[in-house]
Amino acid sequence: MSNNQIVDKLVKAHILDDIVNKITNNSRDDDLNDLKQDILLSLLQDSKLPGIYERHQLGYYLSRIVLNNVASSTSPYYRVYKRPRKLNDGITVALLNLPDD
(Lines give C-alpha, C1' and ligand atoms only; values in the text may rest on other atoms or scores of the structure.)
Protein backbone atom coordinates (compact mmCIF):
# COMPACT_ATOMS: atom_id res chain seq x y z
CA MET A 1 0.00 0.00 0.00
CA SER A 2 1.35 3.45 -0.90
CA ASN A 3 1.77 6.40 1.43
CA ASN A 4 -1.07 8.22 -0.34
CA GLN A 5 -3.45 5.32 0.26
CA ILE A 6 -2.46 5.02 3.92
CA VAL A 7 -2.87 8.75 4.54
CA ASP A 8 -6.23 8.65 2.74
CA LYS A 9 -7.36 5.86 5.09
CA LEU A 10 -6.15 7.85 8.11
CA VAL A 11 -8.14 10.89 7.08
CA LYS A 12 -11.33 8.99 6.25
CA ALA A 13 -11.25 6.99 9.50
CA HIS A 14 -10.37 10.08 11.62
CA ILE A 15 -7.57 8.10 13.24
CA LEU A 16 -5.18 11.05 13.54
CA ASP A 17 -8.02 13.26 14.83
CA ASP A 18 -8.75 10.73 17.59
CA ILE A 19 -5.09 10.45 18.59
CA VAL A 20 -4.60 14.24 18.69
CA ASN A 21 -7.78 14.66 20.75
CA LYS A 22 -6.68 12.02 23.27
CA ILE A 23 -3.17 13.39 23.65
CA THR A 24 -4.30 17.03 23.94
CA ASN A 25 -7.34 16.22 26.13
CA ASN A 26 -9.74 17.54 23.48
CA SER A 27 -8.06 20.95 23.52
CA ARG A 28 -9.75 23.62 21.42
CA ASP A 29 -6.40 24.97 20.25
CA ASP A 30 -6.75 26.44 16.76
CA ASP A 31 -3.27 25.26 15.88
CA LEU A 32 -4.16 21.57 16.22
CA ASN A 33 -5.61 21.50 12.71
CA ASP A 34 -2.27 22.81 11.46
CA LEU A 35 -0.50 20.14 13.50
CA LYS A 36 -2.62 17.40 11.88
CA GLN A 37 -1.97 18.75 8.40
CA ASP A 38 1.77 18.98 9.03
CA ILE A 39 1.83 15.39 10.28
CA LEU A 40 -0.13 14.16 7.26
CA LEU A 41 2.29 15.97 4.92
CA SER A 42 5.27 14.39 6.65
CA LEU A 43 3.65 10.94 6.42
CA LEU A 44 3.33 11.31 2.66
CA GLN A 45 7.13 11.48 2.45
CA ASP A 46 7.89 8.91 5.17
CA SER A 47 9.58 5.87 3.60
CA LYS A 48 8.93 3.78 6.74
CA LEU A 49 5.15 4.27 6.62
CA PRO A 50 4.18 1.24 4.48
CA GLY A 51 6.16 -1.13 6.70
CA ILE A 52 4.70 0.35 9.86
CA TYR A 53 1.22 0.03 8.39
CA GLU A 54 1.78 -3.60 7.39
CA ARG A 55 3.01 -4.45 10.91
CA HIS A 56 -0.14 -2.84 12.39
CA GLN A 57 1.93 -0.32 14.36
CA LEU A 58 0.46 2.83 12.86
CA GLY A 59 -1.44 3.88 16.00
CA TYR A 60 1.71 3.70 18.11
CA TYR A 61 3.73 5.53 15.48
CA LEU A 62 1.18 8.34 15.13
CA SER A 63 0.85 8.65 18.90
CA ARG A 64 4.60 9.12 19.24
CA ILE A 65 4.70 11.70 16.42
CA VAL A 66 1.86 13.71 17.98
CA LEU A 67 3.32 13.50 21.48
CA ASN A 68 6.76 14.56 20.27
CA ASN A 69 5.31 17.55 18.41
CA VAL A 70 3.05 18.69 21.25
CA ALA A 71 5.45 18.18 24.15
CA SER A 72 8.77 19.23 22.63
CA SER A 73 10.01 22.80 22.50
CA THR A 74 12.25 21.88 19.56
CA SER A 75 9.53 20.38 17.34
CA PRO A 76 8.47 22.04 14.09
CA TYR A 77 4.96 22.48 15.55
CA TYR A 78 6.34 24.41 18.51
CA ARG A 79 8.67 26.56 16.41
CA VAL A 80 6.05 27.44 13.79
CA TYR A 81 2.87 27.77 15.86
CA LYS A 82 3.40 27.79 19.62
CA ARG A 83 6.47 29.99 20.03
CA PRO A 84 5.09 32.88 17.93
CA ARG A 85 1.83 32.74 19.88
CA LYS A 86 3.71 32.84 23.20
CA LEU A 87 5.77 35.79 21.98
CA ASN A 88 2.64 37.64 20.89
CA ASP A 89 0.92 36.91 24.21
CA GLY A 90 3.94 38.25 26.07
CA ILE A 91 3.95 41.43 24.02
CA THR A 92 0.22 41.89 24.60
CA VAL A 93 0.61 41.45 28.36
CA ALA A 94 3.53 43.89 28.41
CA LEU A 95 1.51 46.48 26.49
CA LEU A 96 -1.49 46.08 28.77
CA ASN A 97 0.70 46.58 31.82
CA LEU A 98 2.27 49.84 30.64
CA PRO A 99 1.96 52.59 33.25
CA ASP A 100 -0.44 55.40 32.45
CA ASP A 101 1.23 58.74 31.86
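The values are calculated or read from the model by the stated rules, or taken from the named source; none is laboratory data. The structure presented is a predicted model; accordingly, all values stated were derived computationally and were not measured. Please note: Cβ atoms are built from the backbone with ideal geometry, for glycine as well, and neighbour counts cover all protein chains shown.
From the list Ser27, Ser63, exactly one residue is within 11 Å of the chain's Cα centre (by Cα), of a type in the set (S, T, N, Q) and at negative phi. Which is it?
Working: Ser27 fails: within 11 Å of the chain's Cα centre (by Cα).
Of Ser27, Ser63, the one residue that is within 11 Å of the chain's Cα centre (by Cα), of a type in the set (S, T, N, Q) and at negative phi is Ser63.
Could you check the range 1-57 for helices (runs of 4 or more DSSP H) lying wholly inside it with 1 or more residues that are surrounded by 13 or more Cβ atoms within 10 Å (Cβ to Cβ) and at pLDDT below 90? Don't jump to the end; show me each part of the working.
Working: elements: 3-13, 15-23, 31-44, 49-54.
Once the helices (runs of 4 or more DSSP H) in the range 1-57 are filtered for at least 1 residues that are surrounded by 13 or more Cβ atoms within 10 Å (Cβ to Cβ) and at pLDDT below 90, what remains is 31-44.
Going through the range 23-47 one residue at a time, which ones are within 12 Å of Leu62 (Cα to Cα) and out of contact with any helix residue (DSSP H, G or I) (no Cβ under 7 Å at 6 or more places or on another chain)?
Across the range 23-47, the qualifying residue is only Ser42.
Which one of these is in a helix (DSSP H, G or I), modelled with pLDDT of 95 or more and either in contact with a Gly (Cβ under 9 Å, 6 or more places away or on another chain) or not hydrophobic (A, V, I, L, M, F, W, C) (or both): Tyr78, Tyr61? Steps first, answer last, please.
Values: Tyr78 fails: modelled with pLDDT of 95 or more.
Exactly one residue qualifies, and that residue is Tyr61.
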